[in-house]
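See structure below.
Since every read-out is calculated from the coordinates, none of them should be taken as a lab result. From a predicted model like this one, the values you see are computed outputs, not experimental measurements. Cβ placement follows ideal geometry from the backbone for every residue including glycine, while neighbour counts extend to all protein chains displayed.
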Amino acid sequence: MENLEELFRKIGVVPVIAIKDADTAVPLAKALVKGGLPAAEVTFRTDAAEESIRRMAAEVPEIYVCAGTVLDPETAERAVKAGARAIISPGLNLDTIDWCLSHDVPVIPGTMTPTEVELCMRKGLRFVKFFPAKAAGGVPMLNAFAGPYASMHFMPTGGVKPDNLADFLGCKNVVACGGTWIVPGDALANGDFAAIEKLASDAAAQVREIRG
């Protein structure tokens, strides 16, 4: 988990993607890498998710492929067999966490409350998702977490945009942000990978400007 956290801290923004056509997965992954964001959270919200992860992992090894919206251990197992290197979930599913820990798979479960953060701490986790970030209190909530949970680090996702990215990354307990704006659904559907590469490049440049 330490290596994953270090990688995500360097990247700053992890694209969160719903892929409807697995044929777009490889050119998408290449566009993200060229744009300077060599990571992806491919969400299990579409039937193409598993095959997309498989193709990305096999054909674009430069990208760190994670499976997102993982709601149970069975999906986690399918994702890992397809090539996912980490599991990310919107909420706190203890069975999924236990499966990942027992199989030595990095897991970033979703948290929103102090109770959920403490449950993750008891599992030995120190890097978790904060979701839905904006709706759950945003930067003030993350700053509030920093006091009692100084050892915990977060990846806020949900409502993070270019105009508030600096605020979120400015929190001392934030490793990286999940970003849905990097891969717009219409751009992906139209095969406009140049536009996606530009959005990734802009986000990477913004991270460098924020963090120096």
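Using the empirical formula 2.2 N^0.38 Å as the baseline, the Cα radius of gyration of region 28-109 reaches a ratio of 1.03. Taking every DSSP helix (H) stretch of at least 4 residues in the chain, weighting each as -39,500 (n - 2.57) and dividing the sum by the residue count yields a mean residue ellipticity at 222 nm of -13500 deg cm²/dmol. Reported to the nearest whole Å, the Cα centre-to-centre distance from region 1-39 to region 66-84 is 16. By other beta-carbon atoms within 10 Å, ranking Thr24, Thr157 with the fewest at the front produces Thr24, Thr157.
For each pair in Lys134/Lys198; Lys20/Lys123; Lys123/Lys198, compute the distance between the two Cα atoms and list the pairs where it is over 30 Å. In this structure, Lys20/Lys123; Lys123/Lys198 exceed 30 Å between Cα atoms.
For region 31-120, trypsin sites (Lys or Arg not before Pro) are listed when DSSP marks them as loop and at most 16 other Cβ atoms sit within 10 Å of their Cβ; the list is Arg45. Computed from the mean reciprocal separation of all distinct C-alpha pairs, what Kirkwood hydrodynamic radius does region 2-207 have, in Å? Hydrodynamic radius (Kirkwood, Cα only) of region 2-207 equals 16.7 Å.
For the pair Glu62 and Asn3, the difference between a 0.36 nm per residue extended length and the Cα-Cα distance amounts to 19.7 nm. Taking the charge dipole of the chain about its Cα centre, with +1 at Lys and Arg Cβ atoms and -1 at Asp and Glu Cβ atoms, the residue from Asn173, Thr75, Pro38 reaching farthest to the positive side is Asn173.
Exposure proxy shown here: for Cys177, Cys100, the number of other Cβ atoms within 10 Å sets the order, fewest to most, as Cys100, Cys177.
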